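Structure first, then comments.
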Amino acid sequence: NHIELVDNYTLCLLDIHQAFDSLSIPWFITFSSALMYWRSKNFISNDMDIGIFYKDLKSKNFNETNFVTIMEKKFHFQFRRNYGRIDHGQEWAFSCPKSNIPIDIFVYYPLNELNKSSDYWSATYNGICNNMIYKKCRWRFKRFSLTKFRMFNRKFYVVPIEFIVERYGKNYTIPHQYDYFQSLTFLPNLIKEYSVNITNSKQKSK
């Protein structure tokens with residue numbers, strides 16, 4: 001069970017819960033925040049990582065701009081930046097209203113839209129991602145079912161342990177020091193789709 005500590009990260013998570021519950025958008029804890037949950041049952045990391053499935057955003061008719069406006073005006077989250085498009089690689093960055101904890105919201109898409117059992121993908125940006133054909137890093141994940149837990153009498157969802165192993169490896173319980181740009185070079189589920197120009201230059205340099 002989650003340890004119910006009232007720290008800034010938990011307060012941030014409760015703010016997110018209130019906002020998305022009000023908007024009736026299903027959401028879940030992912031990436032480094034999920035890693036901390038499975039490793040130590042807390043959420044203390046550099047930021048808060050949240051996932052949303054594209055189909056759920058689409059069903060609510062959200063786009064890149066009206067989602068940001070609602071989060072700012074109605075729920076008082078501070079907007080920081082926007083990457084991608086709502087239908088391809090969307091990532092939003094906010095700060096929580098009370099704690100100012102940074103939040104990254106990643107949208108998850110089916111790799112094959114015609115296949116209901118398709119793997120998922122989500123995107124990150126900058127660094128070597130600029131050399132990819134879509135100017136973003138796409139990360140592939142086997143189809144997963146979310147894990148539910150309760151905290152402060154509320155339901156929360158987090159990616160399963162299989163997702164964590166796929167993302168961070170079997171030794172995920174052992175902390176490692178690396179930054180985002182370093183992680184781009186070794187995390188295993190990057191879809192390597194470098195642009196033609198980059199691929200050709202690599203071949204010439206061999």
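The numbers here are math on the coordinates, done by the rules we state, and not lab data. Everything numeric in this text was worked out from a predicted model, so none of it was measured. Cβ sites come from the backbone with ideal geometry, for glycine too, and all protein chains shown count toward neighbours.
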Positive-pole candidate from PRO26, LEU187, TYR172, dipole of the chain, charges at beta carbon: LEU187
Estimated dipole of the chain in Debye, rounded to 20 [Cβ of Lys and Arg +1, of Asp and Glu -1, Cα centre]: 500
Long-range HN-HN contacts of TYR108 with modeled amide H, under 5 Å: ILE52, PHE53, TYR54
Percent of Cα pairs exceeding the 31 Å cut-off, where the set is the chain: 18
Among PHE141, PHE181, PHE94, residue whose mean-square fluctuation peaks in a GNM of the chain (springs only between Cα atoms under 10 Å): PHE181
The chain - mean residue ellipticity at 222 nm from DSSP helices (-39,500 (n - 2.57) per run, n ≥ 4, rounded to 500): -9000 deg cm²/dmol
Rounded to the nearest 20 debye, dipole of the stretch 110-179 from Cβ charges on Lys, Arg, Asp, Glu: 280
Calculated from backbone phi, Karplus (6.51, -1.76, 1.60) coupling profile of the stretch 156-167 in Hz, x at Gly/Pro: 10, 10, 9, 4, x, 4, 4, 4, 5, 5, 5, 7
Angle between the chain longest axis and helix 8-23 axis [Cα atoms, degrees, rounded to 10]: 90
Max mean-square fluctuation residue, GNM over the chain, Cα-Cα springs under 10 Å, options ARG167, ARG140, ARG154: ARG154
In order through the stretch 41-51: 3J(HN,Hα) via Karplus (6.51 cos²θ - 1.76 cosθ + 1.60), integer Hz, x for Gly, Pro: 6, 9, 10, 6, 8, 6, 7, 10, 9, 10, x
Gap separating the Cα centres of the stretch 108-165 and the stretch 66-101, nearest whole Å: 18
Tilt relative to the chain, helix 64-73 - C-alpha long axis, 0 to 90 degrees, to 10: 30
Angle in degrees between helix 31-40 and the longest Cα principal axis of the chain, rounded to the nearest 10: 60
Antiparallel bridge percentage (DSSP; both residues within the chain; nearest 5): 75
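What percent do you get for the relative contact order of the stretch 8-205 when only Cα pairs under 8 Å and 6+ apart count? Display every interim value, and only then the final one.
Details: 311 pairs, mean separation 35.1, N = 198.
Across the stretch 8-205, relative contact order equals 18 percent.
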Along the chain, longest interval not containing exposed GluC sites (Glu not before Pro), exposed being DSSP loop plus at most 12 other Cβ atoms within 10 Å: 5-112
